[in-house]
Amino acid sequence: MLDFVDPTIATAREHIDYAARPKNLRGLRIGLIENTKKNAEEVLRRVAEKLRDGHGMTVEVLQHKAQRAPLKDAQIAELKGKVDFAIAGIGD
């Protein structure tokens, strides 16, 4: 278990319930979230390509969001049920 320190909360430690780790990576579905910075999508696609080649994963959803902005509810809804995990990336 990893410990995270969040300086914005009153207590220095807060329990986080992590998602269960998959026993096998084969065939997992990836969601990609890029923030429109230069090269962000290219970097994410290359990471996804490596995961596809090494573990048979597939990209099911690619979301584009504004820099420093959260995903919109509709974007989150599109990820739910379609991906097993998401990778958020930036470029430059």
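Nothing in this text is a laboratory measurement; each read-out follows from the coordinates by a stated rule. Remember, predicted model here, so these are calculated numbers, not experimental data. Positions of Cβ are backbone-derived with ideal geometry, glycine not excepted, and every protein chain shown enters the neighbour counts.
Tabulated results
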{"read-out": "Gyration tensor (alpha-carbon) shape descriptor, segment 29-89, a/c threshold 1.5", "value": "oblate"}
{"read-out": "Rounded to whole Hz, the Karplus (6.51, -1.76, 1.60) HN-Hα couplings of segment 21-38, x for glycine and proline", "value": "7, x, 6, 9, 8, 4, x, 5, 9, 9, x, 10, 10, 10, 9, 6, 6, 4"}
{"read-out": "Cα-based reach from K82 at 26 Å (exclusive), listing lysines while leaving out same-chain residues under 8 positions away", "value": "K23, K37, K50, K65, K72"}
{"read-out": "Of the trypsin sites (Lys or Arg not before Pro) in segment 39-92, those whose Cβ has at most 10 other Cβ within 10 Å and which sit in DSSP loop", "value": "R68, K80"}
{"read-out": "Simple spin-label estimate for N24 and K72 in nanometres, 7 Å along Cα-Cβ", "value": "3.8 nm"}
{"read-out": "Approximate spin-label separation V61-I16, in nm, with each point projected 7 Å along Cα-to-Cβ", "value": "2.1 nm"}
